[in-house]
Amino acid sequence: MATGLFALLAGWRQREPMYLLFGAAALAWVLRLLHYTWQPVPSAAGVAWADWLTVNSLVWVVALTFAFSARLVGLRPWRIERAVLLAAVLLALASLPGIGPLADYALAPWIYAVTGAASVGLLLVVGARARKQRDVATVFMAVALWTMFAFGIHDLLLMINWLPATSMFVMPFAALPSMASFAYAAAVRHARSVAEARRLNVELADRVQAAETRLRAAFDELAVIESKRVLAEERARLMRDMHDGLGGALMTSLAMVERGQMAPAQVAATLRECIEDLQLTIDSLEPAGDDLLALLGALRYRLGHRLEAAGLTIEWAVQPVPALPWLDPAAALHVLRIVQEVLTNTIKHAGATRVRVETATDGDAAVVRIADDGRGFDPAQAHAGRGLGNLRRRAAELGGSIDFASGAGGTTVTLLLPVARAPR
């Protein structure tokens, strides 16, 4: 009974039909062996029910053993399996005491005879498979079944008085090899399942490692491709920027010099501006990271002498500002050109004596503010030119904005740069 309950629990938890059949067969054996140790209620009804349980329990044992053995040897005759189990159920119903047409204990030997005859086919099939497969579990099952069949024939002959009355019933002892073969088969099946699970785990681990190796190689390849792409884009950006800025200025100046339209002083000023523009492009490639103040410090170093030569006093009032994660070389060049162009306009057009560059934080934006004490200009008229338009375009490329405030007391240019910029 303990073995049967354990097998039923394991079969229910694992959804394993073999364990369920094992458990049901064990409990059927328990019912079959009751009449050897248990006395029925001393009444006609009690004796009738005890006889019914004695006869049908053996039928259940044979039917469940058939189903278990068929699955063990690799047969899946599900139609025959269901027919056998259905026949056992119908026989139990037909022999119900006081109800069924076979409710007569005198018919028990004949029921046993039919059950034994039906078992012969199972014995032959299992025996043939045991000889063919030479599997220990199958051979053990075949031996147990033949033992149970031989013991059953012995008890049947004893019931029909073909053996001396002094002989004893030996069928109860058939439960021992039967349950032992069941347990061994279930243990072997469980061991094979565990071994298969371990094999699959090892295979899965190998596949995962192989896939990880392929992914790592793919990521390395993508990194190389991405590096080449970034390098190509940076090269194209520098070429485009130098062609539009430095190249255009040099070609224009060369044409004017060849026509004699530029004085040496103008040529020197143009060359100086081109050199500063080239230096600005180089500065944008320096790894400033996300530090806006370091970028402005490099610009101060480049333009300081030019501002002093123009008679301007420059005040740097920079305060710590949040880091700008998006400040790559392309964005750095936009910032540098904006500040450079504002300071160049101050030198050329403002007539100022003092210029102040300061930084601050405004909410979730970094602020760069440039103020001078020059004559100022009318922003409405200046909007018609390309100067302010270029500044606004560069600020928009950075995801920020730029404002101009100008009057008799001077001009203030405010550049707002967002800390977090949406991907472009």
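Tell me, rounded to the nearest percent, the portion of alpha carbon pairs in the chain spaced more than 35 Å apart. Roughly 59 percent, once rounded to a whole number.
Taking the Cβ-Cβ separation of Leu163 and Leu9 as r and a Förster radius of 41 Å, what is the calculated FRET efficiency to the nearest 0.05? The value I calculate is 0.50.
Between Ala263 and His349, what is the FRET efficiency for a Förster distance of 22 Å, r being their Cβ-Cβ separation, to the nearest 0.05? Let's see the in-between values first.
Numbers: r = 20 Å, r/R0 = 0.92.
Efficiency, rounded to the nearest 0.05: 0.65.
Put simply, the C-alpha atoms of the range 289-418 give a gyration tensor, and the ellipsoid matching it has half-axes of 22, 17, 13 Å, longest first. Sorting Ser119, Ser43 from the fewest to the most surrounding beta carbons within 10 angstrom yields Ser43, Ser119. Computed about the Cα centre, the dipole magnitude for the chain is approximately 1660 debye when only Lys and Arg (+1) and Asp and Glu (-1) carry charge, each at its Cβ.
Taking Rh as the Kirkwood radius computed over C-alpha pairs, what is the Stokes-Einstein D of the range 2-207 at 10 °C in a medium of viscosity 1.306 mPa s, expressed in µm² per second?
Working: Rh = 18.3 Å.
Rounded to a whole number, D works out at 87 µm²/s.
Averaged over residues, the count of other Cβ atoms within 10 Å places the peptides 32-42, 131-141 in the sequence 131-141, 32-42, highest first.
With each run of n ≥ 4 DSSP H residues scored as -39500 (n - 2.57), what mean residue ellipticity at 222 nm is computed for the chain after dividing by its residue count and rounding to the nearest 500 deg cm²/dmol?
Working: 13 runs with 284 residues, N = 424.
Taken over the chain, the calculation gives -23500 deg cm²/dmol.
When each of Glu397, Glu315, Glu276 is scored by the number of other beta-carbon atoms lying within 10 Å, the sequence from fewest to most is Glu315, Glu397, Glu276.
FRET efficiency for the pair Val224 and Val143, taken as 1/(1 + (r/R0)^6) with r the Cβ-Cβ distance and R0 = 60 Å, rounds to 0.30.
Normalised by the number of residues in the chain, the mean separation of alpha-carbon contacts (under 8 Å, six or more apart) gives a relative contact order of 8 percent.
Throughout, read-outs are computed from the coordinates displayed, never taken from laboratory work. Everything numeric here is computed off the predicted structure, so don't read it as measured data. Because the Cβ atoms are built from the backbone with ideal geometry, glycine has one as well, and the counts that use them run over all protein chains shown.
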